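What follows is a set of notes on a single structure, which appears directly below.
Bear in mind that the values in this text are calculations on the coordinates, not laboratory data. Just so we're clear, the structure is a prediction, and the values are computed from it rather than from any experiment. FYI the Cβ positions are ideal-geometry reconstructions off the backbone, even for glycines, and counts take in every protein chain you see.
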Amino acid sequence: MGTLFWYLQRLSAVVILSYVLYVAISFFVKPYNISAAIWSSDIDGISFKIFSTLFLFSMFFHGIVGLKAVEDDYLSKRTIGFVSSTLSEFSLIFRIIFRVFVAMVVLVTTYVFVLNYLV
Amino acid sequence: MKELHLSLYRFDPEKDQRPYMSDYVIEMNDSGNMMVIDAIRKAQEQDSTVTFRRSCAQGVCGSDGVNMNGQNGLACITAVSDVAIGNKLEVRPLPGLPVIKDLIVDMKPFYDQYEKVKPFLDNDEEVTTGHERLQSPKERDRLDGLYECVLCACCSTSCPSFWWNPEKFVGPAALLQAYRFIADTRDKQKAQRLKKLDDAFSVYRCHGIMNCTSVCPKGLNPSKAINEIKKELRKIG
């Protein structure tokens, strides 16, 4: 599992970087500042939609792997115990709050993305 | 340096509510320098309750690993002049391990990880050649820089991943030993050893910050060994 996640994290990073570079280069190469029509036709194109969807899921995956590491490292009973032994007793609650927050961000972003862009 | 202002971490769980620092003024020898362990011993002459662990005092046994002005190392082979800031030196126990008393830490979490990697040659094949299992000089060369570890724990206790997850992350010292046997052509458990390490924590918790390599008192490179394990893991997919 460790190696699989290692591969997926790097693959998702490649997708994210490619997307960012594509958008950044397009912004300078194409005359978006002259015509909003060019901008909107590009964004509404099926290939860009697929690329954007891939980017979104890559971002979620990449982010969740990173945030999981943050959760494991800094929201554990042991680590919170360095700050306060009383607070460390609530580490599970902190982890649940953290997970709910991450899940909400993923769900809301997906909802907004699908509703306002894909549909 | 004529005198050293030595500050030692003190904590006796049977007596103290909290750890504290004790200050000592140590007269340096004629050369104006000395090893950190000698400074600690001089402090012990002033206060016999100062507790620390030592054995060979020449960098072989690895028992006097401490944190000196923020850097882990062996007190017996570290000169005061290399770690003191001005004439001040603060010595604390190795970070991330439970303190038994003063500068002595409980090494159990460290040894537990060491045990996990099965640090011994595992080969069930019967020897029929009439001599020991041989290696070519090239195969033997691959083990250089891997077997010399003295298990002082300076590397693992300088690693944040080990601080946060000492039960799950194997840590640089044990991973160095794991690779020592993965790389050994006489060992027949390479696949099993790698499979056991292929999870989110054991190896992949290393993010390559290389604290381990920078503090190793024997000049070893656990970070490189960890990367070699990752490469081997990727080869088997």
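In nm, to one decimal, how far is the modelled label at B:Asp12 from the one at A:Ile25, with both set 7 Å along Cα→Cβ?
7.0
Within 10 Å of each Cβ in A:2-13, how many Cβ atoms from other chains are there, averaged over the peptide?
Going residue by residue through A:2-13 and averaging, the value is 3.
Just how large is the dipole of region B:3-105 about the Cα centre, in debye to the nearest 20, putting +1 at every Lys and Arg Cβ and -1 at every Asp and Glu Cβ?
340
If you take every residue apart from B:Met28 with its C-beta less than 11 Å away from the C-beta of B:Met28, what net charge results, scoring Lys and Arg +1 and Asp and Glu -1?
Once positives and negatives cancel, what remains is -2.
Determine the sum of side-chain charges near B:Ser202: Lys and Arg each +1, Asp and Glu each -1, restricted to other residues whose C-beta is under 10 angstrom from that of B:Ser202.
+2
To make sure I understand, if each residue's beta carbon is the centre and we count other beta carbons within 10 Å, what order do A:Phe60, B:Phe162, B:Phe52, A:Phe82 fall in, fewest to most?
In increasing order of surrounding Cβ atoms, one gets A:Phe82, A:Phe60, B:Phe52, B:Phe162.
How would you classify region B:108-236 from its alpha-carbon gyration tensor, with a ≥ b ≥ c the square roots of the eigenvalues: rounded for a/c under 1.5, else prolate if a/b is greater than b/c, otherwise oblate? List each step's numbers first, then the result.
Values: a/c = 1.93, a/b = 1.62, b/c = 1.19.
In terms of gyration-tensor shape, prolate.
Within 10 Å of each Cβ in A:62-70, how many Cβ atoms from other chains are there, averaged over the peptide? Display every interim value, and only then the final one.
Working: counts 0, 0, 0, 1, 0, 0, 1, 8, 0.
If you average over the peptide's residues, the count of other-chain Cβ atoms is 1.
Excluding B:Lys88 itself, what net charge comes from residues whose Cβ is under 12 Å from its Cβ, given Lys and Arg +1 and Asp and Glu -1?
-3
How much mean residue ellipticity at 222 nm does chain B get from its helices, if each DSSP H run of length 4 or more adds -39500 (n - 2.57) and you divide by all residues, to the nearest 500 deg cm²/dmol?
-8500 deg cm²/dmol
Can you compute the FRET efficiency between B:Arg142 and A:Leu11 using 1/(1 + (r/R0)^6), with r the Cβ-Cβ distance and R0 = 22 Å? Round to the nearest 0.05.
My answer for the efficiency is 0.10.
Given a Förster distance of 51 Å, report the FRET efficiency between B:Asn87 and A:Leu118 from their Cβ-Cβ distance, rounded to the nearest 0.05.
0.15
Using square roots of five times the C-alpha gyration tensor eigenvalues, list the equivalent-ellipsoid semi-axes of region A:1-91 in whole Å, biggest first. Let's see the in-between values first.
Values: eigenvalues 331, 50, 21 Å².
Gyration-tensor ellipsoid for region A:1-91: 41, 16, 10 Å.
Based on Cβ point charges of +1 for Lys and Arg and -1 for Asp and Glu, what charge dipole magnitude is obtained for chain A about its Cα centre, in debye rounded to the nearest 20?
Details: 8 positive and 6 negative charges, 29 e Å.
My answer is approximately 140 debye.
Mind ordering B:223-233, B:117-127, B:81-91, B:163-173 by average Cβ neighbours within 10 Å, highest first?
Packing order, densest peptide first, comes out as B:163-173, B:223-233, B:81-91, B:117-127.
When the Kirkwood hydrodynamic radius is evaluated over all pairs of different C-alpha atoms of region B:1-102, what value in angstrom, to one decimal, is obtained?
Result for region B:1-102, one decimal place: 13.7 Å.
Which of the residue pairs B:Lys2/B:Lys101; B:Lys118/B:Lys190; B:Lys108/B:Lys230; B:Lys168/B:Lys196 have a Cα-Cα distance greater than 21 Å in the structure shown?
From the list (B:Lys2/B:Lys101; B:Lys118/B:Lys190; B:Lys108/B:Lys230; B:Lys168/B:Lys196), the Cα-Cα distance tops 21 Å for B:Lys2/B:Lys101; B:Lys108/B:Lys230.
For the protein assembly as shown, what are the per-bin percents of Cα-Cα distances with bins 10 Å wide, up to the bin holding the maximum?
Over the protein assembly as shown, the share of Cα pairs per 10 Å bin runs 5, 18, 22, 20, 16, 11, 6, 2, 0 percent.
Just how many % of Cα pairs in chain B lie over 33 Å apart, if you round to the nearest whole percent?
In whole percent, the share of Cα-Cα pairs in chain B beyond 33 Å is 27.
Quick one: B:Arg186, B:Arg193, fewest Cβ neighbours within 10 Å first, how do they rank?
Least to most surrounded, the residues fall as B:Arg186, B:Arg193.
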